[in-house]
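The values are calculated or read from the model by the stated rules, or taken from the named source; none is laboratory data. Just so you know, these numbers come straight off a predicted model, no measurement behind them. Here the Cβ is made from the backbone with ideal geometry for all residues, glycine too, and neighbour counts use every protein chain on show. When the accessible area is computed, the model is the full protein with side chains, heavy atoms only, and any ligands, DNA or RNA have been set aside. Shrake-Rupley method; radii C 1.70, N 1.55, O 1.52, S 1.80 Å.
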Amino acid sequence: IGYRLSTQKKYPTQIEDVCAGYNHAVSHLKEKGIDMSKLIVCGPSAGAHLSSILTFSKLDQKKYGVDVSGVIGYVGWGCPFCFDKEKSSLVLRLLLNQLFTKGYDRKQAEPLSLLSKSNIPMLLIQSRHEGLMDYSMAEVFRDKAVKLGMECQLYEVVDELNTHSWYTAGVFVIARSE
């Protein structure tokens, strides 16, 4: 699902677009008679950020009329699940500064802060050599999910290089060789 970029519009435009796109897709598929009881929501990088909010923020689900009752799983890779400034790269801090207007409460857009108890299992895919954010940001998200009683697995991408662009651009179709 597409969304307007932060160079065009500031947050919350992006989550509004994703929720509207999700609602439209679900409605359209239901009209076509497609079974919507086994959906998997997924996304890489910023898409993982937005899709995690769509899937796990009861506040945003209520605000934008999102029904996730048919979602049976979530997969997010390369995601800034929390906005810990000390564990974010300069590039991520610059991207976040571009995303929000000055003074915006970033907790309203942080997956960690918005995470609500859910029965939707999740798989988080992250690299220790991420380049944009520290691996521990995904660990903090996973730990909160587990503490809430949710099923959450964290898969570590094994790679020695700065991998964000590589592993968020594809889903491990071929082995990477340098």
Query raised in the report: By the scheme Lys and Arg +1, Asp and Glu -1, what is the net charge of all other residues having a beta-carbon under 11 Å from that of Arg4?
Result: 0
Report summary line: Most fluctuating of Glu139, Glu31, Glu110 in the GNM of the chain (C-alpha, under 10 Å) is Glu31
Query raised in the report: Which pairs in the list Lys58/Lys107; Lys38/Lys85; Lys9/Lys58; Lys10/Lys85 are over 26 Å apart, alpha-carbon to alpha-carbon?
Result: Lys38/Lys85
Query raised in the report: Tell me, what is the per residue accessible area of the chain in Å², probe radius 1.4 Å?
Result: 55
Query raised in the report: Dipole size in debye (nearest 20) for the range 73-137 around its Cα centre, Lys and Arg Cβ +1, Asp and Glu Cβ -1?
Result: 120
**Report entry** With every protein chain in place, the range 1-99: carbon and sulfur % of accessible area (1.4 Å)
**Finding:** 58
Report task. Quick one: Debye curve from the alpha-carbon atoms of the range 71-127 only, equal weights, vacuum; give me log10 I(q)/I(0) at q = 0.26 Å⁻¹ to two decimals. Result -> -1.18
Report task. Quick one: net charge around Met150, please, counting Lys, Arg +1 and Asp, Glu -1 for every other residue with C-beta under 12 Å from its C-beta. Result -> +2
Report task. Let me know the Kirkwood hydrodynamic radius for the chain, please, with Cα pairs as the basis and the value in Å to one decimal. Result -> 16.8
